[in-house]
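Below you'll find the structure, written out as structure tokens, and then a few comments.
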Amino acid sequence: MSTPAITPELIAKHGILPDEYERILRILGREPNYTELGIFSVMWSEHCSYKNSRKELRKFPTDGPTVLVKAGEENAGVIDIGDGWSIAFKMESHNHPSAIEPFQGAATGVGGIIRDIFTMGARPVFSMNSLRFGSIHGEGERVEANRRLFAGVVAGIAHYGNCIGIPTIGGEVYFDDSYEGNPLVNVFCLGVLKHEQIARGAARGIGNPVFYVGAETGRDGLAGAAFASRDLTDESKLDRPAVQVGDPFREKLLLEACLELLATDAVAGIQDMGAAGLTCSTCETASRGGTGVEIDLALVPKRETGMTPYEILLSESQERMLIIVKKGQEACVREIFEKWDLPYAEVGVVNDDGMMRVRNQGEIAAEIPARPLAEDGPLYDREAQAKPLPEPLDLATVPESDCRAALFQLLAHPSIASKNWVYRQYDHMVRAGTMVRPGSDAAVFLVREANKILAATTDCNALYCSLNPREGARIAIAEAARNLACSGAVPLAVTDNLNFGNPYKPENFWQLRECVEGLAEGCRAFGTPVTGGNVSLYNESPNGAIDPTPTVGMVGLIADECHVTTSYFKQAGDAILLLGEVGHELGASHYLKAVHGRKEGAVPVMDFDREKAIHGALLALIHAGLVKSAHDCSEGGFAVALAESCIAGDAQIGAEVELAAEKSQRLDVTLFNETQSRIVISVDTGKAAAVLSLLKERGVPGQRIGTVGGTELKIGAAGKRLAWPIADLHAHWYGSIERAMTDSPPLALPVA
Amino acid sequence: MKAAVIRFPGSNCDQDCHLVLRELGVDVEYVWHKEEYVAGYDLIVLPGGFSYGDYLRCGAIARFSPVMKAVVEAAAKGTLILGICNGFQILCEAGLLPGALIRNRSLHFICEFLNVRVESSATAFTNAAQNGAVLNLPIAHGEGCYVADEETLRSLNANRQVVLRYCNASGIVDPATDPNGSVEGIAGICNLERNVFGMMPHPERACDARIGSRDGRIFFESVLAHLGVQSAA
Amino acid sequence: MKAKVIVMPKQSVLDPQGVAVRDAVQHHGMSAVKSVRVGKFMEIEIDGEAADAEARLHELCRDLLSNPVIEDYELTLER
Amino acid sequence: MKAKVIVMPKQSVLDPQGVAVRDAVQHHGMSAVKSVRVGKFMEIEIDGEAADAEARLHELCRDLLSNPVIEDYELTLER
Ligand SMILES: Nc1ncnc2c1ncn2[C@@H]1O[C@H](COP(=O)(O)OP(=O)(O)O)[C@@H](O)[C@H]1O
Ligand SMILES: [Mg+2]
């Protein structure tokens, strides 16, 4: 078969820059053939090589007393949770595939992150997801397209996660015009393993056979990694082969078979085939092992006939793994994969010459030094251009709106409204460990095998990040930690998903750098190392770049089952306390955006010391058994937080509070400002005094503001009083997304 | 007492069922779908999940797995068979229970806690409950809408084979609280001989107060009581 | 040999998918669409031309490919 | 007027459903079955005989009833 000649055009078509081509010539000492060019193009794509972000990522703290495997060393970091148990977790994006085919794009994203976790030898126990779409409210073709994307993505995540039997227990969904045409789909998975079960993605042991296991290779998602490394254009829709179809059933079998095999002594190394499939897994395992790997493509199980070496190597067919087996234990693989009715084949061998050598029917198709291919890709410092920070908000330009109506409006805004339309579609209870189901500040999961209670959350306020990327990223970490604290957990570690626009635009690169530094500051402040993550660049639609979105996934540990705390009020008569200040920062608030249509103003200030003092105090109260509910103030400020505490539980209940705000402060500022480090808690009335004195001891501001009970939410401040019937608040908040998705009109405002 | 939890490829509630039975002190074993014998068990559980990917129709392919022949034989001999969610779908496909389960009316997969009413405590699976008792149990399915023709329904009702119906918190069967469009709110039925029982809700996810409910224990405790065994927990 | 199998929900059984598609289609501006029913279409490739193939395929349709409680099927053979 | 729409996964796209059915069929004793592909079949009833119905139905098939990225469709009209 004739292959195309290597011309400058072909090189450019592979997204390889002239300098990069020079580097290839140096590594090979000759011209690459067509297949080799393809291999370099995927390995050195943004998606696989992180060439424009890796230098930034080095700024993350990755070490700590609980870190067993560091970020970057393997597919996912591993964190000690005590008693010989550990967890592996990570987040990954599938933004571009989901834009083209939302159902399959999202589904295969879930499949990919699950493989990343069980590759580590861990049993995946739960998932989360962080999603961003354009607006779903109103009418018109664009809104309908956004709805189709949203519905398709949720259904795809549900399809894959539900079928494979891993509960999806938390996440977030935001709607903003900047994501129109370029939705974000970030998926998170966490697995549990014993220390001695940590598996390595290295090809060790010269002479060890290399096995291919799992689904047959087809022409799926040819060069998907390259695809993720370009802007989305209307032409991308014609990028047909870039879409892969997932088979969660196959993955379930693969997961069980791999864990069964890992429990034997037969495995020397294991690596999933994700982006760049067979290519990436062979050269990376060789590179990590300091060895070479030789495979013959003729032996690879295939779904289609007539596939070229180029196609086989670059295919992104799903549900496949590469396993380095200890010589002499091949029978073990055979037995287990036959039991699970999965394809497997011995395709090659580990050798000592450091080469990734690919044969086809014995004939050499590609021969590249593995380590330089995997490790010596280009790394760039892109030009960064700071965007001026926003002017502080001039309140005089913001007409004070009807606060009663504004609260309804905020609660019905799909970014704040209940996400039950989403998580009802996810099996969030399989594995019988979900102690706090979606709908509270963080999900809480009982890992039965380890007898440990974990809390997990994903957070990122991209509106903040768009106005002040560094502060926004710092807040993302703080908010995640706050959500964990509200659940009774102490944070352990962080995974992140950096979603940005085209890095060749200096402003986008500046946002990336600022966000990374902000996240790093936050991680240091909270003592939470980064265990790994993912970078997704080129998130641009015809309207421009998305708001910078450095999604944070944070996991914490709850020491005792009585510390598990939820966000909603429990009982009439309980005292309501506010930890933190009444606050005043209205800039960058959701109120300003949703009610006044303005994305502007200074982002609230994050003071880590103040934040940590509040978490410390809250946890001390929780440990003392004093706290009945705890909910943080985030989007929508105090009023939204308080309303959510009334309506987010199984039974709704009212509350009456009086805020000690400055007389001169406008009511909308008092209700909806987003000053950080604030938590609304409820406690037994009889214990309120004890709680206040404990707060005082710790120097944490706190005040009793009211009492739980009744059928209304009543808020007073600076001489004004407002009241909302709980049933109406609930109706606006609970059904908002469903109404949008079924094209029903929004609820009318109840008359006062 | 000895129980078997069948593992089909794609079963994913097998471990949860196994755990609950173990905690009740039952001698419980997994049985692989390729086995042709399932003798010697007092209870056989077909767990939830997506057997064979649930491609084609839920339970359609599982029904033909080698183990199902043996399950059908065991059922004929009077062994207790409990099908949960996907297990219920398999029992219907296999003809061990009448009717069929189709796509939820909303077309969405639905996962949530809800209430079901015990319609008949005259089964080995519900004898520990009162008739009319309201249980708080989770569901998690995309195809749980029970359908049957008029005649089947009539005989199900006449023979008190409807064991569970979806209801509201006060125990009233109300189309508004029927999550999936099931005819007459049917959530679980048994065969004429009352030894084969299928239900859409997941009792195994409701046996521990830490995860929201203990109401699911009643099904397993009933089986123990029926077999005259003391529960361990 | 090739077989094509159409499996449709019985008229008496509700077809929520059909209803949803009809509503979406009407929403899309084709209000003349009165009803939609959604079923499955299967293409089966068979080696050889066994004499009893047709009978066996019918059996397959009845036992596996459709559920007679809720569905009807239609089998077409192309030799 | 009646329209029939068949939506099938593209040849090059993985069809896990088809694979599962093929395996089940082979297991069922029909080892001569080499491949199965599973798609959707839709029956659409339309009021009247609008002249542009065919063009509009094609649009519908492309935009709503199938995803051209992974599926092909076939439309047949019966007047
Ligand atoms: N995509 C999703 N999947 C699952 N659960 C979700 C999703 N989006 C939101 N949730 C759940 O809804 C609740 C509220 O989410 P959110 O408003 O983002 O909380 P917070 O502001 O406290 O971080 C949380 O329990 C969250 O886990
Ligand atoms: Mg929160």
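The values are calculated or read from the model by the stated rules, or taken from the named source; none is laboratory data. Because the structure is a prediction, the values reported are computed rather than measured. Neighbour counts are summed over all protein chains in view; Cβ atoms, including those assigned to glycine, are modelled from backbone coordinates with ideal geometry.
Name every residue in segment B:131-151 that is buried (at least 19 other Cβ atoms within 10 Å of the Cβ) and over 18 Å from residue B:117 (Cα atoms), in order of residue number. If you could, list the steps in order and put the result at the bottom.
Initially, segment B:131-151 is screened for residues buried (at least 19 other Cβ atoms within 10 Å of the Cβ), giving B:135, B:137-148.
Hits for segment B:131-151 are B:141, B:142, B:143, B:147, B:148.
Exactly one residue out of A:316, A:367, A:391 is buried (at least 24 other Cβ atoms within 10 Å of the Cβ) and not in a helix (DSSP H, G or I), and it is A:316. Taking the criterion of being more than 14 Å from every other protein chain (Cβ to nearest Cβ) and among the aromatic types (Phe, Trp, Tyr), the residues of segment B:178-233 that qualify are B:197, B:219.
Screening residue A:499 against (1) within 16 Å of ligand 1 (Cβ to nearest atom); (2) more than 23 Å from residue A:97 (Cβ to Cβ) leaves a single unmet condition, (2). Taking the criterion of being within 16 Å of ligand 2 (Cβ to nearest atom) and of a type in the set (Asp, Glu), the residues of segment A:592-632 that qualify are A:611, A:632.
The conditions of being under 24 Å from residue B:51 (Cβ atoms), surrounded by 20 or more Cβ atoms within 10 Å (Cβ to Cβ) and more than 7 Å from every other protein chain (Cβ to nearest Cβ) are not met by residue D:29.
Against the numbered list (1) more than 15 Å from ligand 2 (Cβ to nearest atom); (2) buried (at least 22 other Cβ atoms within 10 Å of the Cβ); (3) within 13 Å of chain B (Cβ to nearest Cβ); (4) not in a helix (DSSP H, G or I), residue A:418 comes up short only at (1). Residues of segment A:551-600 being within 15 Å of ligand 1 (Cβ to nearest atom), away from chain B (no Cβ under 14 Å) and of a type in the set (S, T, N, Q), which ones? Correct list: A:551, A:567, A:589. Has segment A:180-198 got any residue that is within 16 Å of ligand 2 (Cβ to nearest atom), among the hydrophobic types (A, V, I, L, M, F, W, C) and in contact (Cβ under 8 Å) with a residue 24 or more places away in the chain? No, that holds for no residue.
Condition first: touching an Asp or Glu at 6+ places or on another chain (Cβ under 7 Å), more than 11 Å from residue A:278 (Cβ to Cβ) and more than 14 Å from every other protein chain (Cβ to nearest Cβ). Now tell me which residues in segment A:330-351 satisfy that. Those that are touching an Asp or Glu at 6+ places or on another chain (Cβ under 7 Å), more than 11 Å from residue A:278 (Cβ to Cβ) and more than 14 Å from every other protein chain (Cβ to nearest Cβ): A:330, A:346, A:349, A:351. Across segment C:35-65, the number of residues qualifying as small (Gly, Ala, Ser) and either in contact (Cβ under 8 Å) with a residue 60 or more places away in the chain or part of a strand (DSSP E or B) (or both) comes to 2. Candidates in segment D:36-79 are the residues that are more than 17 Å from the chain's Cα centre (by Cα) and under 24 Å from residue C:16 (Cβ atoms); of these, the one that is surrounded by the fewest Cβ atoms within 10 Å (Cβ to Cβ) is D:47. For segment B:156-177, which residues satisfy the criterion of being within 14 Å of chain C (Cβ to nearest Cβ) and free of Cβ contacts under 8 Å to residues at least 12 places away in the same chain? Correct list: B:175 only.
Taking the numbered list (1) touching a residue at least 12 places away in the same chain (Cβ under 8 Å); (2) more than 30 Å from the chain's Cα centre (by Cα) in turn, residue A:751 passes all entries but (1).
When the residues of segment A:433-453 are narrowed to those that are away from chain B (no Cβ under 13 Å) and within 17 Å of the chain's Cα centre (by Cα), which ends up farthest from ligand 1 (Cβ to nearest atom)? Checking each candidate, the answer is A:442.
Can you name the residue in segment B:8-18 that is more than 7 Å from every other protein chain (Cβ to nearest Cβ) and over 15 Å from the mean Cα position of the chain (by Cα) and is also nearest to residue B:58 (Cα to Cα) among such residues? Looking at residues that are more than 7 Å from every other protein chain (Cβ to nearest Cβ) and over 15 Å from the mean Cα position of the chain (by Cα), I get B:8.
Does residue A:271 satisfy being buried (at least 24 other Cβ atoms within 10 Å of the Cβ), part of a strand (DSSP E or B) and touching a helix residue (DSSP H, G or I) at 6+ places or on another chain (Cβ under 6 Å)? Against the criterion (buried (at least 24 other Cβ atoms within 10 Å of the Cβ), part of a strand (DSSP E or B) and touching a helix residue (DSSP H, G or I) at 6+ places or on another chain (Cβ under 6 Å)), residue A:271 qualifies. The set of residues from segment A:710-728 being out of contact with any strand residue (DSSP E or B) (no Cβ under 6 Å at 6 or more places or on another chain) and not β-branched (Val, Ile, Thr) comprises A:710, A:718, A:719, A:720, A:721, A:727, A:728.
Would a scan of segment A:392-415 turn up a residue that is within 25 Å of the chain's Cα centre (by Cα), within 14 Å of chain B (Cβ to nearest Cβ) and more than 13 Å from ligand 1 (Cβ to nearest atom)?
The answer is no; no qualifying residue exists.
Of the residues contained in segment B:196-217, none is found to be surrounded by fewer than 24 Cβ atoms within 10 Å (Cβ to Cβ), modelled with pLDDT of 95 or more and farther than 22 Å from residue A:428 by Cβ. A single entry from A:722, A:729, A:695 fulfils the requirement of being surrounded by 18 or more Cβ atoms within 10 Å (Cβ to Cβ), of a type outside the set (Val, Ile, Thr), closer than 30 Å to residue A:617 by Cα and touching a residue at least 40 places away in the same chain (Cβ under 8 Å): A:695. Looking across segment A:447-483, just one residue is among the acidic types (Asp, Glu), away from ligand 2 (no atom under 16 Å from the Cβ) and within 22 Å of residue A:179 (Cα to Cα), and that is A:471.
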